[in-house]
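What follows draws every value from the coordinates through simple rules; no lab data is involved. From a predicted model like this one, the values you see are computed outputs, not experimental measurements. FYI the Cβ positions are ideal-geometry reconstructions off the backbone, even for glycines, and counts take in every protein chain you see.
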Amino acid sequence: MCILEPHDRACSDVKNAGLFITATPYGFHSGFLYTQNNATRAVHLAFHYRLNDDIPGPSYRWVQIGLDEDNSLVLSGLLSRIGNAGSLIPYGFDASGCCFDAHSGELISPLEIGKGLTCATFITSVLNTYGYNLLLIDSWPERPDDVEWQRDIVLLLAKYASAEHVKIVEGDIGKVRLRPHEAVAAGAVDGENWPLSYEMVSSAAEQVVFELITDL
């Protein structure tokens, strides 16, 4: 059973709010789709202090968010506000304390140095704004290849972030990682079933990867 919408189905077909995923040189990347004023936009954390609100890319695959029409409409409004607010969101492996103001869409700060989001935890933090707990993250396993990815990201982060921030993020290497395809697979599940454990998400997440790989 396919999770993602067909590759030839445009992001503009999303109703109110959805999630996208795409392949990049650094791995998979995910974020939100939303509609406002008959236009479809993508809001996502591209990297350190790089919150993007832009036109969906041609390689994006997507899913409808697992919320009913009324709640997905409310979420689309929040996503628009977050994109317009343009907060400077740090990149990091510890998302503790990262949350958004529901009225302004701004990141509630100040954050402790070293705290931050990835593209995947950006999804969970945005949903937390309205009390949606997407995942039981304590059920996620520690995986050696996540450590390798984190080390590579820290090397890249050193080019863009302060030495103090990088040092603390480096100390967080080994923390459990939520992968982009896991966040997208979970977000496609009916919200009535949230939060989801790793066991409930892992098979669907593997299916998302399979569908993406067949596009490459």
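By the count of other C-beta atoms within 10 Å, a proxy for reagent exposure, S30, S76, S202 are ordered fewest to most as S202, S76, S30.
Projecting the Cα positions of G18, A185, Y49 onto the charge dipole of the chain (unit charges on Cβ atoms of Lys, Arg, Asp and Glu, taken about the Cα centre) puts Y49 furthest along the positive direction.
Dipole magnitude for the stretch 11-213: computed about the Cα centre from +1 point charges on Lys and Arg Cβ and -1 point charges on Asp and Glu Cβ, it is near 540 debye.
Per residue of the chain, the DSSP helices (runs of n ≥ 4 H) give a summed -39500 (n - 2.57) that works out to -10500 deg cm²/dmol at 222 nm.
Relative to the current alpha-carbon distance between A158 and N37, full extension at 0.36 nm per residue lengthens the span by 39.7 nm.
Compared with the direct C-alpha span, the chain from A102 to K15 gains 29.3 nm at full extension, assuming 0.36 nm per residue.
So if I place +1 on the C-beta of Lys and Arg and -1 on the C-beta of Asp and Glu, and nothing else carries charge, what would the dipole magnitude of the stretch 125-168 be about its Cα centre? I want it in debye, nearest 20. Present the calculation step by step, with values, prior to reporting the outcome.
On the way: 4 positive and 7 negative charges, 41 e Å.
For the stretch 125-168, the charge dipole is close to 200 debye.
Out of these labelled values of volume of the Cα convex hull per residue in Å³, (1) 116; (2) 222; (3) 264, which was calculated from the coordinates shown here? Computing volume of the Cα convex hull per residue in Å³ and matching it to (1) 116; (2) 222; (3) 264 gives (1).
Work out how much length N71 to N193 would gain on full extension: take 0.36 nm times their residue separation and subtract the Cα-Cα distance, in nm to one decimal. Could you put the intermediate results ahead of the total?
Details: separation 122, 0.36 × 122 = 43.92 nm, distance 1.50 nm.
Length gained between N71 and N193: 42.4 nm.
Among T24, T124, T40, the largest mean-square fluctuation in a Gaussian network model of the chain (Cα springs under 10 Å) belongs to T24. The fewest-to-most ranking of Y34, Y26, Y60 by surrounding Cβ atoms within 10 Å reads Y26, Y60, Y34.
Ranked by the mean number of other Cβ atoms within 10 Å of their residues, highest first, the peptides 110-117, 67-74 fall in the order 110-117, 67-74.
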